1. In nm, what is the difference between 0.36 nm times the number of residues separating residue 63 and residue 139 and their Cα-Cα distance?
2. In nm, to one decimal, how far is the residue 34 label point from the residue 13 one, both placed 7 Å along Cα→Cβ?
3. Based on the Kirkwood radius over alpha-carbon pairs, what is the Stokes-Einstein translational diffusion coefficient of region 11-96 at 4 °C with 1.567 mPa s viscosity, in µm²/s?
4. Going by the alpha-carbon gyration tensor, a ≥ b ≥ c the square roots of its eigenvalues, is region 134-242 rounded (a/c under 1.5) or, if a/c is not under 1.5, prolate (a/b greater than b/c) versus oblate?
5. Only four residue types carry charge here, +1 at the Cβ of Lys and Arg and -1 at the Cβ of Asp and Glu. Report the dipole size of the chain about the Cα centre in Debye, rounded to the nearest 20.
6. Pairs 21/72; 21/64; 21/77: which are spaced more than 23 Å apart, C-alpha to C-alpha?
7. I'd like to compare 27-38, 144-155: which one has the highest average count of other Cβ atoms within 10 Å, and what's the full order after that?
8. Under 25 Å Cα-Cα from residue 209, which lysines qualify once same-chain neighbours fewer than 8 residues away are excluded?
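Values in this text are rule-based calculations from the coordinates and carry no lab data. These numbers were taken from a predicted model, which means no experiment stands behind them. Note: ideal-geometry Cβ built from the backbone for every residue, glycine included; neighbour counts use all protein chains shown.
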Amino acid sequence: MNHFVYNGVSSLDMGLRIESKNVFSAPEYDVIFQSIPGRNGDLILPNGRYPNVQVTYSVFLPAKSIAELAEKITKVKAWLYGEQNAYHTLSDSYDTVYTRKAVYSGSLDIEDQLNRIGVFTVSFSCHPFRYSVAGTAPITLTQSGSTVTNPESFESLPILTLTGEGTVTLTIQGGGQNKSWVFTGLDGSIVCDSEQMNFYSGTTPMNDKVSGDGFPRLQPGVNTISWVGTVTSLVVQPRWVTL
């Protein structure tokens, strides 16, 4: 039976039956076209981003009595309206290879919709990129010069966990990229979350311990990762993505 899982809870556990799934407005690159007098063609001014997309499910909520229906509706509302200040993982049986980062964005006029048509719509606002399930598996590197291959057509923003001592210079080369970061005063592990743009150790911010060009990215194809200094291991959660 088709289903979706949002924030760790399955629609099946809520008693929902999915009628259909729709993805509205495929992500369109955010760009401004500026016309210049006397010049043929518009000037392209990219904003360097993709906007969110809407993913909706048409669902049916069966019940044997009005009292049972009211109880189920209350549970569904508590589930979908909870923790709306953050994105959560959304997956479904229509696509088992990728997941999305989503937050519930619709209004739940369930009673009215059920009375009129017997089904209601569940709508999520999602990050434009889909995340590969395979990209959540950690890759452990213990030798400088090791390679990591990005199988997708878009760069990824990984989580890196570097364990070492003293001063370490980390370099990533691939897809025309050649960037380095210098970690100072290492005494254990430091985590780099490129998507969140943050370096930390446990709950302690470590941004002042790192210098370099932005945050690490893994380009499509082969990426060579090397370092200078005392490194025990580098664990890469690659976060492969596609549109």
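1. Contour length minus the Cα-Cα distance gives 22.7 nm.
2. 5.1
3. Using the Kirkwood radius from Cα pairs, D works out to 76 µm²/s.
4. prolate
5. It comes to approximately 220 debye.
6. Pairs exceeding the cut-off: 21/64.
7. Ranked by mean Cβ neighbours within 10 Å, highest first: 144-155, 27-38.
8. 179
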